[in-house]
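Beneath this line is the structure, given in C-alpha cells, with notes to follow.
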Amino acid sequence: MHRPLYARIDPAAMAHNLGRVRELAPSARIWAVIKANGYGHGLNNALEGFARADGVALLEFDNAIRIREQFPERAILLLEGAFDETSTRLAVERELQLVVHNEAQLDWLEHCSGPRRLRVWLKFNSGMNRLGFNQAGFRQAYERLVACPVVERIGLMTHFANADQPDGTLTAVTRFEQACSQLPGQRSLANSAACIQVPATHANWVRPGVMLYGATPIAAQSCASLGLKPAMHLESALLSIQTLLPGDMVGYGSAFSAGRPMRIGVVACGYADGYPRSATTGTPVWVAGRRTRIVGRVSMDMLTVDLEPVPEAAVGAPVQLWGNHIPIDDVAASAGTIGYELMCRVSRRVPLVTSSAQLS
Ligand SMILES: *Cc1c(COP(=O)(O)O)cnc(C)c1O
C-alpha cells in the first residue's frame, strides 16, 4: 500500500501549451525551457510534452548530456553557459549551445580547440544585473567570439527583469537593440510573460518556461484566460476525519479553532512534500469533487481541510491540492509565492505519475 500522494503529470497538456506559444509567437522558434527537472514535472515528461519544440533550454550539464545521448539531433541550449574549461570542452564535443555571459567564459572558449561547430548566445545585461555584458563590453565580447576557432555561429540574447510590466520590458528592448545594432545573428529575448504580452520581443527565438507547464507568469491573468492547461495535478486522499466541537483547535500551534461543530479531513500532504507551509486557513483545496479550504497550519506530512461543503466525504476520499480543479496560481497567491516555486519544490518523496489521458 502506497501513501496516496502523487503528482500526476500530463504531457498532452504540455504539448497543448506549446501550441499556445506557437499561436502567440507564430514567426518565432521556441526554446522550451526545461531547467529544474522540467519545473518539477520530470525531464522525460518534459521531453515528451515538448517534442515539437525547436529546442530545449536548461542549465544542468548532466541532464543536457543525457538528453544529447537520447536525442543526437536536438538543439540544446545551456542557459548559464559553461561553468569551467572542462564543461566548455564538453559543450563543443556534444554540440550543446552555450550562453556566454562573462569574460571567464570567453577565456575558456579561447583555450578550446576542435571543429568549428559551437553555437553560442552572447548575453546582454538589459537591466537585471545578474548575468550578461553591459553596453561597454558587449561589442568587444562579440569580436572575441568571432575570433574563437571553435565558434560557428553567434546569437544575441537578453533576459528581462520586469517582463510582466510591458513598459519596463520595452526600455530593456531598446537597450538591447542599441547594444546589438548592426551585429549579425539571431535574437532571443522573450520569457513567458514577454511571449504573452510584448510581441515586439518575439524576434527569432522565444524562451517560454512556466506557461508551458500551465501556470501564469502574470498575476493579473489566469491560466484559463490565457488558454493554458495545468500539466501537474498534485493529488492525495483523506487519511482521517475528526469531528470538532465549538472551541476545539486543529494542528500545531492550535492555529484554527472551530466556531461551531465541524468535520475536519486530514490529507496526506505536508511541507515535506513541497506543499507551502505559508498557506494559511482559507487556501483552496478540492475534496471529493468540491472546492473547500485548508484550515490550521500545514505540518510536515499532513494538512487539514474543512469538510463542511462535502458532508459525504469519508476516509480515502480523493483530494486535489492543485491541478485542473484548483489553479496552482491560487494556492501560490494564498501562500505568498508564485506557481513557479510550488512546481519546482514538489519533493522527491512525491512520485511523478505520467498520465497523458485528458483529464476531466
Ligand atoms: C528560466 C528562464 C526562462 C523562462 O522563464 P519563464 O518566466 O519561466 O518563462 C527564459 N530565459 C532564461 C534565461 C531563463 O533562465
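The values are calculated or read from the model by the stated rules, or taken from the named source; none is laboratory data. Keep in mind that what you see is a predicted model, and the values were worked out from it rather than measured. Note that each Cβ is placed from the backbone with ideal geometry, even for glycine, and that neighbours are counted across all protein chains shown. What goes into the accessible areas is simple: the full protein's heavy atoms, side chains included, and nothing from ligands, DNA or RNA. Shrake-Rupley method; radii C 1.70, N 1.55, O 1.52, S 1.80 Å.
Total residues in the stretch 62-95 satisfying the condition of being more than 16 Å from the ligand (Cβ to nearest atom) and open to solvent by less than 40 Å² (accessible area, probe 1.4 Å): the figure is 8.
The test for being among the hydrophobic types (A, V, I, L, M, F, W, C), buried (at least 18 other Cβ atoms within 10 Å of the Cβ) and touching a strand residue (DSSP E or B) at 6+ places or on another chain (Cβ under 9 Å) does not hold for residue 59. Checked against (1) in a loop (DSSP other than H, G, I, E, B); (2) touching a Leu at 6+ places or on another chain (Cβ under 9 Å), residue 73 passes all but condition (2). If the condition is being over 15 Å from residue 294 (Cβ atoms) and touching a helix residue (DSSP H, G or I) at 6+ places or on another chain (Cβ under 8 Å), then the stretch 328-348 contributes 329, 338, 339, 340, 341, 343, 344, 346, 347. Residues of the stretch 334-344 include none that is surrounded by fewer than 16 Cβ atoms within 10 Å (Cβ to Cβ) and touching an Asp or Glu at 6+ places or on another chain (Cβ under 8 Å). Taken over the stretch 16-34, residues that are crowded, with 19+ Cβ neighbours inside 10 Å and touching an Asp or Glu at 6+ places or on another chain (Cβ under 8 Å) amount to 2. Here residue 212 clears all of (1) open to solvent by less than 10 Å² (accessible area, probe 1.4 Å); (2) away from the ligand (no atom under 11 Å from the Cβ) except the condition numbered (2). For the list (1) away from the ligand (no atom under 15 Å from the Cβ); (2) part of a helix (DSSP H, G or I); (3) in contact (Cβ under 8 Å) with a residue 12 or more places away in the chain, I need the number of the one condition that residue 46 fails. Status for residue 46: all satisfied but (1). Of all residues in the stretch 258-272, those that are more than 25 Å from residue 348 (Cα to Cα) and open to solvent by 20 Å² or more (accessible area, probe 1.4 Å) have Cβ atoms under 8 Å from Cβ atoms of residues that are hydrophobic (A, V, I, L, M, F, W, C) and assigned to a strand (DSSP E or B), 6 or more apart or on another chain, in 261/244; 263/241; 263/244. Here residue 145 meets each of (1) within 16 Å of the ligand (Cβ to nearest atom); (2) of a type in the set (A, V, I, L, M, F, W, C); (3) over 20 Å from residue 36 (Cα atoms) with one exception, condition (1).
Filtered by the rule that a residue be away from the ligand (no atom under 16 Å from the Cβ), closer than 19 Å to residue 31 by Cα and either in contact (Cβ under 8 Å) with a residue 60 or more places away in the chain or not hydrophobic (A, V, I, L, M, F, W, C) (or both), the stretch 152-187 gives 153, 185.
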